[in-house]
1. Return the carbon/sulfur percentage of the accessible area of the stretch 1-96, one whole number, probe 1.4 Å, all protein chains in place.
2. Starting at 0 and stepping by 10 Å, how many percent of the alpha carbon pairs of the stretch 142-202 end up in each bin?
3. Need the full-extension length gain, E224 to T5, defined as separation in residues times 0.36 nm minus the C-alpha distance. One decimal, nm.
4. Of T378, T310, which has the most accessible area and how do the rest follow, probe 1.4 Å?
5. Ranking request for peptides 7-17, 185-195: highest mean number of other beta-carbon atoms within 10 Å first, then the rest in descending order.
6. By how many nm would the segment from K69 to A179 grow when fully extended, if each residue of separation counts as 0.36 nm and the alpha-carbon distance is taken off?
7. What ranking, highest mean first, results for peptides 319-331, 207-219, 116-128 when packing means the other Cβ atoms within 10 Å averaged over each residue?
8. What's the long-distance tail for the stretch 128-175, i.e. % of Cα pairs beyond 11 Å?
Amino acid sequence: MNAPTTDQLPVVVIGAGPIGLAAAAHLVERGIEPLVLEAGGTAGSAVREWSHVRLFSTWGEVVDPAAEKLLAPTGWVRPDASTYPTGGDWAERYIQPLADALREKVRYGATVTGVARAGRDRIVDAGRDEQPFAVHIQSAGGSEERITAHAVIDASGTWSTPSPVGANGLPALGEKSAADRISYRVPDLKDPAVRARYAGKRTAVVGSGASAFTALALLADLAEKEGDGTHAVWILRRGIGANTYGGGEADQLPARGALGLRAKAAVEAGYASAVTGFRTQAVEHDGDQLVLVAEDGRRLDPVDEVIVLTGFRPDLSFLSELRLGLDDRLQAPTALAPLIDPNVHSCGTVYPHGVNELSHPEKGVYLVGMKSYGRAPTFLAMTGYEQVRSITAAIAGDQKAAERVELTLPETGVCGGAGLFDEPENAEQSGGGCCAAPATLQIGIVGRILDRRGPRAGVVSLPQPQRVAPRPARRPERPIHPSKRLRRRQFLGRFRFS
């Protein structure tokens with residue numbers, strides 16, 4: 001029996017999250033066989049870890065069109081498009097049903113340990129492009145297997161690789177030995193065990209983004225309810241300036257602005273204290289507590305717990321035998337990196353992109369979703385769906401469709417970080433979680449943070465968010481190709497950002 005030709009082999013998709021499963025749905029729509037490899041025991045394993053958090057985006061904005069077509073024959077009913085799902089809702093009511101619809105095309109408990117060209121390490125040129133990909137996997141039971149693939153789409157995300165507390169990007173000295181007192185997630189204080197971990201404790205919160213805002217606000221609420229002893233120490237690597245708490249009331253996304261105001265209120269109410277210019281170099285034990293030591297020698301007063309919210313980074317270890325073209329700073333594809341540089345762009349100024357920006361010297365391998373953004377924090381789910389639509393069109397040989405932009409993003413959007421979960425009575429309200437349509441989604445922990453319970457002692461009650469009209473569109477009727485926009489921005493950037 002003859003071995004199948006390379007183009008008859010399946011396309012391996014790494015990760016059964018929303019972007020990976022959307023890629024599989026688009027492949028099925030194109031008549032191409034996908035094989036989704038998921039390390040966890042269920043679909044959306046990472047999303048389930050923040051199941052208590054409500055998204056900024058509505059149901060109408062977190063369902064991929066090709067996925068919805070695949071789900072339709074199963075009797076799946078799309079939830080009310082104007083309401084906001086939690087991470088748990090998203091996983092149970094969309095991500096898992098989509099995986100179930102793909103049936104045997106999704107394999108669970110399959111951890112990818114390596115990807116290479118069959119019979120070729122990264123040094124060998126001869127016949128390289130003609131060889132299929134060899135994907136090595138390990139099952140939950142420990143057995144190993146090799147699968148050959150026509151192409152590989154890595155949608156494994158960055159959730160499993162949070163950045164460390166060390167300011168130089170390396171784990172601080174003593175960080176690993178203090179692992180039992182350090183968390184890299186926004187705490188779910190509705191969980192009794194988690195609540196007990198922080199109640200009555202002094203907790204250091206390291207980070208300056210929306211995730212840190214969320215943790216500060218949650219701990220302030222805990223301090224107000226639990227009484228003495230609960231206090232947060234906010235560790236900032238920079239000083240406090242006009243933009244420390246985000247855009248506040250001037251933010252075109254009221255929920256995002258309110259998130260920063262809640263963090264500011266926590267500091268002003270005395271539930272949190274800020275330490276600025278502190279770049280952590282070491283974590284030392286002081287009895288049952290921890291002491292953070294800065295690069296300049298400063299030592300913080302002892303704390304009981306540390307929450308590190310300094311971003312995420314991609315795991316590239318199992319791709320080491322592939323020839324990837326990655327930006328030196330962001331670890332994103334070289335053509336994409338200038339378009340997503342957080343020093344230049346917010347998520348609303350990142351334009352839709354596809355196969356051209358996501359290609360590598362190694363033909364047929366693609367990093368998509370949050371992983372495609374490397375260390376940049378501005379990923380949007382809608383962008384991820386457009387990425388996989390373009391890539392699957394290219395794999396199918398439809399280059400015209402691959403290069404066509406089929407998504408328009410607003411000039412502003414919901415950027416990196418986390419939001420507080422709703423009060424139960426607000427769970428299905430759709431009026432305040434975002435502003436201009438179409439809304440956007442940060443893959444990771446996101447949510448609405450509105451407090452509608454009225455004034456309480458020691459807590460600042462924020463006004464109801466108001467919808468803000470989007471800024472006038474500045475794009476021409478016929479979109480400028482991203483490469484032209486990039487050249488223009490690179491030129492202007494010399495004057496605007498230097």
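1. Values: 1930 of 3650 Å².
Of all accessible area on the stretch 1-96, carbon and sulfur atoms account for 53 percent.
2. All Cα pairs, binned at 10 Å, distribute as 15, 29, 28, 20, 8, 1 percent.
3. 72.3 nm
4. T310, T378
5. Put in order of decreasing packing, that is 7-17, 185-195.
6. Values: separation 110, 0.36 × 110 = 39.60 nm, distance 4.45 nm.
Length difference between fully extended and current span is 35.2 nm.
7. Answer by packing, highest mean first, reads 207-219, 319-331, 116-128.
8. Summing the P(r) of the stretch 128-175 above 11 Å gives 79 percent of all pairs.
The values are calculated or read from the model by the stated rules, or taken from the named source; none is laboratory data. Since this is a predicted model, take the numbers as computed values, not measurements. Backbone-built Cβ (ideal geometry, glycine too); neighbour counts: all protein chains shown. These accessible areas exclude ligands, DNA and RNA; they are computed on the full protein's heavy atoms, side chains included. Shrake-Rupley method; radii C 1.70, N 1.55, O 1.52, S 1.80 Å.
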